[in-house]
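Below: one structure, written as structure tokens.
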Amino acid sequence: MLTKTFYMNTILEWLIAFGIMLLFIILGKIIYRFTTNVLKKLAKKSQTKLDDILIDIVEEPLVTVFVVVGIWVSLGSLNKTENIDELITGGIYIAIVLNIAWFLSRFVDAMVTNYLRPMAEKTPGTMDDQLLPIVRKGLKFTIWSIAILVGLNNAGYNIGALLAGLGIGGLAFAMAAKDTVANLFGGFTIFVDKPFTVGDRIVTNGYDGVVEEIGLRSTHIRTLQGRIVTIANADVSNNPIENISSEPNRKISITLGLTYDMDEKKIAQTIQILENIIKETKGVKDESIVGFDSFGDFSLNISLIYYVIKGENITKAKNSINLNILKQFNKNGIDMAFPTQTLLMQKQ
């Protein structure tokens, strides 16, 4: 029975090939157990962290290598046609190159997670935190692209013709995806120019809110109403951006209208009262601009400009100043005007 032939090989030859493959699989399993139970424990005793990382990222690709080699050796022991032999050899080459790319990809992930990300978190700026995911994805994309090209080249495929075809197809794809490309360049412009960073409050494209995420294609803003707005990076970079968080202090301007029965002494007293209120209010810069601004239609207008210190509660500061103004005006008999008209009727 073992001498019967199926697909150019006897049953015995098929069993031997299967046994060789099984042997390599078992050997790979033993290597995996050895790295897990022995090498990892030894690595934990060392002072450096690099050996733990290398053992962790190499154990699974190493087992895959044994499996691929086992398939190669087992199939190599069988009788087959030249075309099938070339097909198997090409497939093995591709599998080995992709396995190497898998190892390199895991290595990049480990380096970013264990070394680059902690370093970026320690730096005061946020630029490196935003660029790190892009660099990580870019490196992995490059590794896999090169691996696919090298694997296909070793397998005997014409890479030149493939790249030429990809070039034509890429041109058509770029034309179809021009908006996406524009958004990618817009995101790159945001990262380089840094008109804002994550956590800044900005006004752009008619939206006022805090930047929560800057992606490759779009920027996410949480508006003051608590809603998330997603704006394409091309629209953000091509429109004016007001970075409210970049202001050193918040400027507040108000106009107070006094009645026309006030004399110059009352006006001077009012200006002094306003200056004192600003100096005494917590969270406000100890400087203000107060002056008799204009003669209005029904009021004498006093202009008051003051600055709330960055980081202070703006609403609370304004509330405190306004209440104090009302209190001091009532105490000193300073009346604020309201729209009035005086009609003069001539007797005939």
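The values are calculated or read from the model by the stated rules, or taken from the named source; none is laboratory data. This is a predicted model, so every value here is computed, not measured. Neighbour counts are summed over all protein chains in view; Cβ atoms, including those assigned to glycine, are modelled from backbone coordinates with ideal geometry.
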Can you tell me which residue among Thr48, Thr64, Thr89 is of a type outside the set (Asp, Glu) and over 25 Å from Asn153 (Cα atoms)? Thr48
Filter result (under 23 Å from Gly291 (Cβ atoms) and of a type in the set (A, V, I, L, M, F, W, C)) within the stretch 315-348: Ala317, Ile321, Leu323, Ile325, Leu326, Phe329, Ile334, Met336, Ala337, Phe338
Please find, among Met175, Met127, Met111, the residue that is modelled with pLDDT of 70 or more and not β-branched (Val, Ile, Thr). Met111
Within the stretch 199-207, can one find any residue that is modelled with pLDDT of 90 or more, within 17 Å of the chain's Cα centre (by Cα), within 30 Å of Val135 (Cα to Cα) and among the basic types (Lys, Arg)? no
For the stretch 209-263, give me each residue that is free of Cβ contacts under 8 Å to residues at least 24 places away in the same chain and touching a Lys or Arg at 6+ places or on another chain (Cβ under 7 Å). Gly209, Val210, Glu212, Ile228
For the stretch 195-248, which positions are surrounded by 15 or more Cβ atoms within 10 Å (Cβ to Cβ), closer than 28 Å to Val284 by Cβ and of a type in the set (S, T, N, Q)? Thr197, Asn243
Residue under evaluation Met111, criteria (1) over 25 Å from Arg136 (Cβ atoms); (2) crowded, with 16+ Cβ neighbours inside 10 Å; (3) out of contact with any helix residue (DSSP H, G or I) (no Cβ under 7 Å at 6 or more places or on another chain), criterion not met: (1)
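Every residue, every condition in (1) closer than 29 Å to Asp208 by Cβ; (2) among the aromatic types (Phe, Trp, Tyr); (3) in a helix (DSSP H, G or I), yes or no:
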| position | (1), (2), (3) |
| --- | --- |
| Ser245 | yes, no, yes |
| Ile252 | yes, no, no |
| Ile273 | no, no, yes |
| Tyr306 | yes, yes, no |
| Glu312 | yes, no, no |
| Lys327 | no, no, yes |
| Ile334 | no, no, no |
| Pro339 | no, no, no |
Give just the number: which of (1) surrounded by fewer than 16 Cβ atoms within 10 Å (Cβ to Cβ); (2) in contact (Cβ under 8 Å) with a residue 12 or more places away in the chain; (3) farther than 29 Å from Arg201 by Cα does Ile289 not satisfy? (3)
For the stretch 1-93, which fully contained helices (runs of 4 or more DSSP H) count at least 3 residues that are surrounded by 15 or more Cβ atoms within 10 Å (Cβ to Cβ) and in the same structural domain as Ile148 (by TED's automatic domain parsing)? 11-34, 50-76
Condition first: part of a strand (DSSP E or B) and among the hydrophobic types (A, V, I, L, M, F, W, C). Now tell me which residues in the stretch 199-243 satisfy that. Ile202, Val203, Val210, Val211, Ile214, Ile221, Ile228, Val229, Ile231, Ala232, Ile241
Near pairs, Cβ below 6 angstrom, 6+ apart or cross-chain, from the stretch 72-96 (in contact (Cβ under 8 Å) with a residue 60 or more places away in the chain) to any residue that is among the aliphatic types (A, V, I, L, M) and in a helix (DSSP H, G or I): Ser77/Ala17; Leu78/Ala17
